[in-house]
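See below for the structure under consideration.
The values are calculated or read from the model by the stated rules, or taken from the named source; none is laboratory data. Just so it is clear, the model here is predicted, and its values are computed rather than measured. Here the Cβ positions follow ideal geometry from the backbone for every residue, glycine too, while neighbour counts run over all protein chains shown. Only protein heavy atoms, including side chains, enter the accessible area calculation; ligands, DNA and RNA are left aside. Shrake-Rupley method; radii C 1.70, N 1.55, O 1.52, S 1.80 Å.
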Amino acid sequence: MGRLDGKTALITGGASGIGRAICQSFAREGATIVCNDLAVEAAQQVVNECGQQKQGLAVKADVSKSRQVTAMFDKVRKRFGRLDILVNNAGIGLENAQVRARFNKVIAKQRAELATQGKITTSLEATQNLTDQDWERMIAVHLHGTFYCTREALKLMEPRRSGKIISIASICGMTGCAGAPHYSAAKAGIMGFTRSVAREAIVSGVNVNAIAPGYIDTPMTQAVSDAVRQAIEMATPAGRFGTPQDVATLAIYLASDEANFVVGQVMSPNGGYVIA
Ligand SMILES: NC(=O)c1ccc[n+]([C@@H]2O[C@H](COP(=O)([O-])OP(=O)(O)OC[C@H]3O[C@@H](n4cnc5c(N)ncnc54)[C@H](O)[C@@H]3O)[C@@H](O)[C@H]2O)c1
């Protein structure tokens, strides 16, 4: 018997990395998978990997677009008539290649300064160089997307007085990550949103929580330079990046009945990078 038998779960950004591991893990626990992504062929591939070619569903939608999210939930309503679990996972990192290159260059310079002078004097200057477009896209995908999907999910869950909503935040939302003010702001926003909605929705039997992972090995973190990677590993007591499965295992718990008394929490699998 699986811990999610009979449940229907929608995972946004499920075609890659953490989302893919959550789809596969939920399927192993008995859930029917709705895998959302911009990359719908890859999402369908994940549904197939889950062995759910027939009962599962891959849905293309940009979570930052309200109308596309509404259309996606209409599909879920028509096909299943219910939704038991929503995982707000879709996300983007530092997508601007120019910004990433500059970031890696300055980090290398900072490390050299630290080694030779014992202190860092060169700023990343990420905030003063951040464009409106990069700021707005980051907030739209993470924060607007989490709101649009949660709003639609509650319409399906609250009348049935049951459901689990899990949003993927980040340690960047807890500590602030240098060089990623937009990402850190979006993730901190997700945590505040989670705490508010959790208080509201639990009276209808819906649990709302967040997961704030530390550094996880996925396509998103592949762009990190060797020097940055080494620095992160040294700052992580566990001495390594996490695996997507390290996050998925926690998601299974939060999606299951075992977590019925967990309300408005931000749980952080991070290898000890942040301990509070
Ligand atoms: N990898 C890490 O170290 C790490 C750490 C903390 C939090 N996170 C968060 O975990 C989540 C998953 O990240 P990942 O590392 O697996 O990244 P990933 O790049 O492997 O996967 C992200 C997926 O989201 C999809 N996506 C992007 N924008 C979308 C949109 N507008 N609508 C629908 N789908 C969209 C992408 O196509 C991709 O399949 C993200 O929210 C990320 O911010 C990642």
Within segment 17-60, the residues that are under 15 Å from residue 88 (Cβ atoms) and more than 10 Å from the ligand (Cβ to nearest atom) are 23, 26, 34
Checked 14, 2 against criteria (open to solvent by less than 30 Å² (accessible area, probe 1.4 Å), more than 9 Å from the ligand (Cβ to nearest atom) and part of a loop (DSSP other than H, G, I, E, B)); the one match is 2
Note on segment 204-233: residues within 10 Å of the ligand (Cβ to nearest atom) and charged (D, E, K, R) are 217
Output for Cβ contacts, cut-off 8 Å, separation at least six or different chains, first residue over 21 Å from residue 23 (Cβ atoms) in segment 58-81, second open to solvent by 50 Å² or more (accessible area, probe 1.4 Å), reads 66/144
Okay, helices (runs of 4 or more DSSP H) sitting entirely in segment 153-258 with 1 or more residues that are open to solvent by 40 Å² or more (accessible area, probe 1.4 Å), β-branched (Val, Ile, Thr) and closer than 22 Å to residue 124 by Cβ, I get 172-175
Any chance residue 146 is exposed (fewer than 13 other Cβ atoms within 10 Å of the Cβ) and modelled with pLDDT of 95 or more: no
Looking at segment 166-173, is at least one residue out of contact with any helix residue (DSSP H, G or I) (no Cβ under 6 Å at 6 or more places or on another chain), more than 10 Å from the ligand (Cβ to nearest atom) and on the phi < 0 side of the Ramachandran plot?
no
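Okay, residues lined up against (1) open to solvent by 50 Å² or more (accessible area, probe 1.4 Å); (2) under 26 Å from residue 258 (Cα atoms); (3) of a type outside the set (Phe, Trp, Tyr):
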position	(1), (2), (3)
59	no, no, yes
67	yes, no, yes
89	no, yes, yes
107	no, no, yes
With the first residue restricted to segment 26-43 and required to be under 15 Å from residue 166 (Cβ atoms), and the second required to be in a loop (DSSP other than H, G, I, E, B) and among the aliphatic types (A, V, I, L, M), Cβ contacts under 6 Å at 6 or more apart or on different chains are 26/4; 29/4; 31/4; 36/61
